[in-house]
Structure formats: structure tokens, C-alpha cells
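> There's a structure below that I have some questions on.
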Amino acid sequence: MKSSRFALLKVYDWAIFLPSVRQATLRFNLLTKERGLQMLSISDQSLRAYSHDVSMAQVLISYNAKGYAQLHAVAQHYPFSLIHHDLARLARISLWTEALLLTYRGAEESQFFLFYYHLLQWLNDPTLAPELLDTPFFYYSLVIHGVLPSHLAEAPSFAQLVDYDSQTRRAILHAWAENRPKRDAIRQAFLAMLPRAPKSLASLSRYD
């Protein structure tokens, strides 16, 4: 995008960079705390700095009148370094990104940012099996969108899950994973919410 198309407004914002490949070009879905979801193409020079990492950064961004983003500088950079080297974990990133693109409406941007931030932190924990995060992702996505079936609403709030110590949280995640009927019901409710099934869903079982 030409810089002349962008407004003079430049703001610092916290962002999560979610990598995706389109036509053999690596791009990033940029989920910002203040401005929601953007698709951002990054120059080769910037790309070398990020590599393929899923990361969180404080970035200087300018926005044009239509709200499209252009990256100018990175103030702080926190790569989620383990994710790129684990296909089972990277498969979750693909699913979460695709699901976000399929359902994002803008109104829940702050909730989504915090939701993804904590999910990525847990996904980066080598002691936590990535499949344990599948049901929480499905469940709290339904909660954020306000379409969770009432008969499934028995879990703690996401804020409570974040506040628990790691041992308590792990026990809750294991209990979810072991309850197959409820796990399957949550997954089906999640898929019913989407306009189409995510193509990346099949990769979960392939890499687990």
C-alpha cells in the first residue's frame, strides 16, 4: 500500500501477529488491542525480523480513512518462540486465525485480543498438551459471540480461568478433555456458529 493513501494519524498499539500464507506469500493477520483485526503485508526487511513467529508487539501504526493499517516501527517484540517449531501447536494457530476471520464482527475486539493473548501463552507452555486447548477455544468463542447453548454453560468464566494457578487450570482442561460427550457437543455448537467449516480443522488430528 502506498503511504500517501494513509492518514497522518500514527498511534502506538499492542498487536498479536498471526501468520498466514496467501499465494506463497507470508502475511500476518494483525489483531490489535484498539483497532480490531487487520490483514497486513510486511516488507521483506520487516519479515526477517519476525521470521515465522507468532508474536506480540507494541507497534507504531498509521491508519487511513477506511481503517487499514500500515506498520511503521516496533517498540517491543515478544515472540511466542516455541509455537513455530511444533506442528501440533502451529495447527491451533491456523484454526484460531481462520475461525477469527470467519466470525469477526469488530464489536468484541478487546475480548478477542485478551482471549488470543492468553491462549497463545498457554499454547507456548511445553508442559501443556495443545489438544487440551481445543475445547476451551470452542467454548469461549461461543461465549464471546453470545451463542453458547444454555445447557453447556457450566464452565468458569474466561477471566476466572486466567486467574487460576497453572495446576488448577490444567486440572480443569483435563476434565474437559476427558468428558467426550460434552466436548463433542461444544465442538458441534462451535461449528454450527461458523458460516463454513474451517479448512484447518482437519490438521488438528493430523499433527496430534
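Every read-out reported here was derived from the displayed coordinates using simple, explicitly stated rules and does not represent laboratory data. Given the structure is predicted, the values throughout are model-derived calculations rather than measurements. Glycine gets a Cβ as well: all are built from the backbone with ideal geometry, and neighbour counts include every protein chain shown.
> Given (1) outside any loop (DSSP other than H, G, I, E, B); (2) of a type in the set (A, V, I, L, M, F, W, C); (3) farther than 25 Å from L204 by Cβ; (4) touching a residue at least 40 places away in the same chain (Cβ under 8 Å), identify the lone condition not met by A65.
For A65, the exception is condition (1).
> What's the total number of residues in segment 52-85 that are surrounded by 14 or more Cβ atoms within 10 Å (Cβ to Cβ), hydrophobic (A, V, I, L, M, F, W, C) and out of contact with any helix residue (DSSP H, G or I) (no Cβ under 8 Å at 6 or more places or on another chain)?
Qualifying residue count for the region: 5.
> Can you run down the residue pairs with Cβ atoms below 6 Å, 6 or more apart or on separate chains, where the first is in segment 163-188 and in a helix (DSSP H, G or I) and the partner is exposed (fewer than 12 other Cβ atoms within 10 Å of the Cβ) and not β-branched (V, I, T)?
Once the first residue is in a helix (DSSP H, G or I) and sits in segment 163-188, no partner that is exposed (fewer than 12 other Cβ atoms within 10 Å of the Cβ) and not β-branched (V, I, T) comes close enough.
> Could you tell me whether any residue of segment 109-122 is over 17 Å from W14 (Cβ atoms) and either touching a residue at least 24 places away in the same chain (Cβ under 8 Å) or not basic (K, R) (or both)?
Our first condition is that a residue be over 17 Å from W14 (Cβ atoms); within segment 109-122, this holds for 122.
Imposing the further condition that a residue be either touching a residue at least 24 places away in the same chain (Cβ under 8 Å) or not basic (K, R) (or both) reduces the set to 122.
Yes, segment 109-122 contains at least one residue that is over 17 Å from W14 (Cβ atoms) and either touching a residue at least 24 places away in the same chain (Cβ under 8 Å) or not basic (K, R) (or both).
> Go through (1) within 19 Å of the chain's Cα centre (by Cα); (2) closer than 17 Å to L128 by Cβ and name the single condition H174 misses.
The failed condition is (1).
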